[in-house]
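Asks: Shown below is the structure under consideration.
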Amino acid sequence: DLRVKPGVFNPDPNSTNSTSIVLSHLSNFEDQDVLNIGCGSGAISIFCALNGARKVVAVDDDEAARNNTKENAIRNKVENKVEIIKSDLFENITGSFDCIVGNLPISDKHWNLKLSTIDLLKKFISECPKHIRENGKVYAVWCSISDVSPIKKFLISKGYKFIEIVEKKLGYNWYLFIITF
């Protein structure tokens, strides 16, 4: 049961595949601690809480998104498992996690950000090793709305191990990178 407030990223699969591709490939998070950066309405955080995660930390720098996630966590009776934090990426995050999910903006023209969306994703990925536990996985989404080659080159240049999953939906290629360090 998910409600999306105006101005909050809507995970509707008729307009985006970013949330769907993550949810369809998340695995092995039962009894694990999950960090969801860019929680939006809370779809991924609530999914993880409902499907066995021990604890979920839902992060967004947007107040409307955090409030929306809180309302949806209460609506789905997982508010005791979902902690909501205001943070710009990892700025206010401490500790480590078994799974980190980044569902971040993918198009510069649709978001008014301090960084380009490519630089934002690179910054996210670069900070993950400080917060991921041994054998943990990082899930990061991208779309062919923006060129994916800088992301692949970045992952290779850093020596990160990753699996790339590609789905063609809504006229675009949607990429899910499952990264281990």
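The values are calculated or read from the model by the stated rules, or taken from the named source; none is laboratory data. Quick caveat: nothing in here was measured; it's all calculated off a predicted structure. Positions of Cβ are backbone-derived with ideal geometry, glycine not excepted, and every protein chain shown enters the neighbour counts. Remember, those area values only see protein heavy atoms, side chains included, never the ligands or the DNA or RNA. Shrake-Rupley method; radii C 1.70, N 1.55, O 1.52, S 1.80 Å.
Asks: Work out, in µm²/s and without decimals, the Stokes-Einstein translational diffusion coefficient of segment 36-181 at 25 °C, 0.890 mPa s, Rh from Kirkwood over C-alpha pairs.
Replies: On the way: Rh = 15.7 Å.
The diffusion coefficient I find is 156 µm²/s.
Asks: Rounded to the nearest whole Å², what accessible area per residue is found for the chain with the 1.4 Å probe?
Replies: Working: 8970 Å² over 181 residues.
Spelled out: the 1.4 Å probe surface of the chain, per residue, equals 50 Å².
Asks: Considering only the other residues whose Cβ falls under 12 Å of the Cβ of LEU26, what net charge follows from Lys and Arg at +1 and Asp and Glu at -1?
Replies: Every neighbour counted, the sum reads -1.
Asks: Write out the GluC sites (Glu not before Pro) in segment 1-96 meeting two conditions: DSSP loop, and at most 13 other Cβ atoms within 10 Å of their Cβ.
Replies: GLU30, GLU91
Asks: Another question about this same structure. For the charge dipole of segment 76-165, defined by +1 on Lys and Arg C-beta atoms and -1 on Asp and Glu C-beta atoms about the Cα centroid, which residue among SER107, SER87, CYS128 has the Cα displaced farthest towards the positive pole?
Replies: The listed residue farthest towards the positive side: CYS128.
Asks: Please enumerate, by chain and number, the lysines with C-alpha under 22 Å from the C-alpha of LYS55, excluding those fewer than 8 residues away in the same chain.
Replies: Once the sequence-local lysines are set aside, what remains near LYS55 is LYS70, LYS77, LYS81, LYS86, LYS130, LYS137.
Asks: Expressed as a whole number of Å, what is the distance separating the alpha-carbon centroids of segment 1-31 and segment 60-103?
Replies: The two parts, judged by their Cα centres, are 14 Å apart.
Asks: I've got another one for you. Round to the nearest 0.05 the FRET efficiency obtained for ASP147 and GLU83 when R0 = 25 Å and r is the Cβ-Cβ distance.
Replies: Calculated transfer efficiency: 0.10.
Asks: Within segment 84-162, what whole-number % of the accessible surface is contributed by carbon and sulfur, with the 1.4 Å probe and all protein chains included in the calculation?
Replies: Ligands and nucleic acids excluded, carbon and sulfur reach 49 percent.
Asks: Do you know the relative contact order of the chain, to the nearest whole percent, from alpha carbon pairs under 8 angstrom that are 6+ apart?
Replies: Values: 351 pairs, mean separation 36.0, N = 181.
Relative contact order comes out at 20 percent.
Asks: Another question about this same structure. Between the DSSP loop rule and a limit of at most 16 other Cβ atoms within 10 Å, which trypsin sites (Lys or Arg not before Pro) in segment 83-164 are left?
Replies: Those satisfying the criteria are LYS114.
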